[in-house]
Amino acid sequence: MAEKLLEISNLHAGAADREIIKGVSLTVHKGEVHVILGPNGSGKSTLMNVIMGHPGYKVTEGSIFFDGRDISALKTFERAREGIFLSFQTPEEIPGITVENMLRTAKQAVTGKFQRIFAFRKELKAMMEELKIDPSYSERDLNVGFSGGEKKRNEILQLLMLNPKLALLDETDSGLDVDAVQIVSAGIRKFHNENNACLIITHNTRILEKLQVDRVHVLMQGRIVEEGGPELIDRISRNGFGQLAVP
């Protein structure tokens, strides 16, 4: 059995005195791809934000262990340094900070190593070309004026450049056309190996077609109501979520 990377136990969390996550437990091992499915408003994005340590959410019970360490008290930037990456459902535009400067600064912060400018630019250009991103976009302000697809591909660019241990992908495929989904899926496949893991929220199973999915969790009303292998994705696609009972 591969080593545990993420272990969540009886997690309760919410915001503004409202409980959203109601006793979630799941374990992700190195080398695995896990998928979270569920209807809108079921708590999927909240769960991702809580794992990442978003200050807008409060954990009231349970624990989050990452790579053998309890990270429940760590701030967001500290969790990023530990090797957790969150791809946003709706990436923010940040005027005044270029794509290159953001990535170089982030990589230095995460790795603790100075990034030599020419070597970094060479790596960045190669990654951008692979994701079919115009290399000139490295000089543009982060996500400013980018289309929805360009923003999502830029998220995958960040994933590949930062190379975390755990990728939390929150509907990275939403709003993408068929070609863009294939590019994003290929980027995730390039990232994934036996030493890292992916936890993916999606409503579009096309992004999963070329990924080896190990475990599927169905989240409804803040609880995991069913778990299984990739065959559960097909069942949900055919019959919807209404077939499942919420405890």
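The values are calculated or read from the model by the stated rules, or taken from the named source; none is laboratory data. Computed from a predicted structure; not experimentally measured. Cβ placement follows ideal geometry from the backbone for every residue including glycine, while neighbour counts extend to all protein chains displayed. Heavy atoms of the whole protein, side chains included, go into the accessibility calculation; ligands, DNA and RNA do not. Shrake-Rupley method; radii C 1.70, N 1.55, O 1.52, S 1.80 Å.
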Find the residue count for region 233-247, including only residues that are farther than 22 Å from Thr46 by Cα and either modelled with pLDDT of 90 or more or not basic (Lys, Arg) (or both).
4
If you go through region 222-237, how many residues are in contact with a helix residue (DSSP H, G or I) (Cβ under 8 Å, 6 or more places away or on another chain) and among the hydrophobic types (A, V, I, L, M, F, W, C)?
1
If the requirement is being modelled with pLDDT of 90 or more, touching a His at 6+ places or on another chain (Cβ under 6 Å) and under 25 Å from Ala106 (Cα atoms), which of these qualifies: Leu199, Leu162?
Leu199
Residue count, region 186-222 (criterion: crowded, with 18+ Cβ neighbours inside 10 Å, closer than 21 Å to Met52 by Cα and over 14 Å from the mean Cα position of the chain (by Cα)):
7
Filtering region 56-96 down to residues that are hydroxyl-bearing (Ser, Thr, Tyr) and assigned to a strand (DSSP E or B), which residue is most open to solvent (accessible area, probe 1.4 Å)?
Thr60
Could you check Phe146 against (1) within 18 Å of the chain's Cα centre (by Cα); (2) over 29 Å from Glu3 (Cβ atoms); (3) of a type in the set (Phe, Trp, Tyr) and say which number it fails?
(1)
For region 202-232, how many residues are farther than 20 Å from His12 by Cβ and either modelled with pLDDT under 90 or part of a loop (DSSP other than H, G, I, E, B) (or both)?
15
In region 1-42, the residues that are under 17 Å from the mean Cα position of the chain (by Cα), at pLDDT 95 or above and in a strand (DSSP E or B)
Leu5, Leu6, Glu7, Ile8, Leu26, Thr27, Val28, His29, Val33, His34, Val35, Ile36
Mind listing whichever residues of region 133-149 are part of a loop (DSSP other than H, G, I, E, B) and either surrounded by 15 or more Cβ atoms within 10 Å (Cβ to Cβ) or modelled with pLDDT of 90 or more (or both)?
Ile133, Asp134, Arg140, Asn143, Val144, Gly145, Phe146
